[in-house]
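Please treat every number below as a calculation from the coordinates, not as lab data. For clarity, every value in this text was computed on a predicted model and none was experimentally measured. All Cβ positions, even for glycine, are placed from backbone atoms using ideal geometry, and neighbour counts span all protein chains on display.
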Amino acid sequence: MSDSTYIAGTCNIGEKEIRRRQLVAVIGAILSLVSLIGFISTDSTRSVRLGIFLPLMIAAVGFVQSRSKFCLAYGFAGTFNFGKLGDLSRVSDPVSKAADRATALRILTKSFLLAAIATAVVVVLPL
């Protein structure tokens, strides 16, 4: 698969967009780590630890998108980008749009499950 070719339901972002998703994953991971350190240092209750879900979700979305070479927001919007950041092109074929939306939904589901599992681990750990 070429890094510069739109493939419906499979690839809708190029190298620069993939790097952006990797950065989002790193930022989410850092926020998650900072949250976890905060929970440990303040002896937080289990219910407070549920708050780690959001940074974990950010990390998971960035990670899954970068690994998939597919942006879920672009998939839902019917767009793709292989050029400069922000230089979007529209998907015109309805079948391709449907494939993109299905892939976007799968990425969102995977990300949610990853974040939920990691959150559950943090909540049940005896900190």
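Quick look at the numbers
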| read-out | value |
| --- | --- |
| Gaussian network model of the chain, springs between alpha carbon atoms under 10 Å - residue of Gly28, Gly75, Gly83 with greatest fluctuation | Gly83 |
| Straight-distance crosslink candidates among aspartates and glutamates, where the alpha carbon sits under 15 Å from Lys69 and sequence neighbours closer than 8 are dropped | Asp3, Glu15, Glu17, Asp100 |
| Loop-located trypsin sites (Lys or Arg not before Pro) in the range 10-111 whose Cβ has at most 13 other Cβ within 10 Å (DSSP) | Lys84 |
| Selected from Leu23, Leu108, Leu85 as most flexible by GNM, with the chain as the system and alpha-carbon contacts under 10 Å | Leu85 |
| Segment Leu50-Val95, extension gain: residue separation times 0.36 nm, minus the distance between their alpha carbons | 12.3 nm |
| Hull volume in cubic angstrom per residue (convex hull over the Cα atoms of the chain) | 91 Å³ |
| Of the DSSP H helices in the chain, those whose Cα atoms cover at least 27 Å axially and whose Kyte score averages -1.0 or more | 15-41, 94-124 |
| Cut-off 11 Å between beta-carbons: net charge of the residues surrounding Thr10, Lys and Arg +1, Asp and Glu -1 | 0 |
| Computed [θ] at 222 nm, helices only, for the chain once each DSSP H run of length n ≥ 4 contributes -39500 (n - 2.57) | -22000 deg cm²/dmol |
